[in-house]
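Here is the structure we will look at, set down as structure tokens.
The values are calculated or read from the model by the stated rules, or taken from the named source; none is laboratory data. All figures in this text were calculated on a predicted structure; none of them were measured in a lab. Because the Cβ atoms are built from the backbone with ideal geometry, glycine has one as well, and the counts that use them run over all protein chains shown.
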Amino acid sequence: MLTKLGYGRDRRLTPALSWLQRKRLSKGTWALDATAPDLDPRLARYYFENETIYPMILEPLVGPSQWATVEALSVLTAAHERDR
């Protein structure tokens, strides 16, 4: 979000960018760490204030993720532009 708001040049992002680069898989992609709203996908349903919640999982949590890879690359690209 910070890079999308134009703060990609802020040096305080360095620790977060280092973390993001360490999460990169060997083939240059990223995997999903969790599902939104961070619910355990192994369970069929969840109860929250008398409502049943069914998690929406677009990609498996193991292996490369197209969505995570696109977002990670966009962040790193925006941050790299700070060095220009």
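Within the stretch 64-78, residues that are at pLDDT below 90 have Cβ atoms under 7 Å from residues that are surrounded by 15 or more Cβ atoms within 10 Å (Cβ to Cβ) in these pairs: Ala78/Thr3; Ala78/Gly8, counting only partners at least 6 apart in sequence or on another chain.
Residues in the stretch 1-20 that are polar (S, T, N, Q) and under 14 Å from Leu73 (Cα atoms) were compared, and the one that is surrounded by the most Cβ atoms within 10 Å (Cβ to Cβ) is Thr3. Scanning the stretch 25-63 for residues that are at pLDDT 90 or above and exposed (fewer than 11 other Cβ atoms within 10 Å of the Cβ) yields a total of 3.
Whether any residue in the stretch 16-24 is part of a helix (DSSP H, G or I), modelled with pLDDT of 90 or more and of a type in the set (Lys, Arg) is what I want to check.
yes
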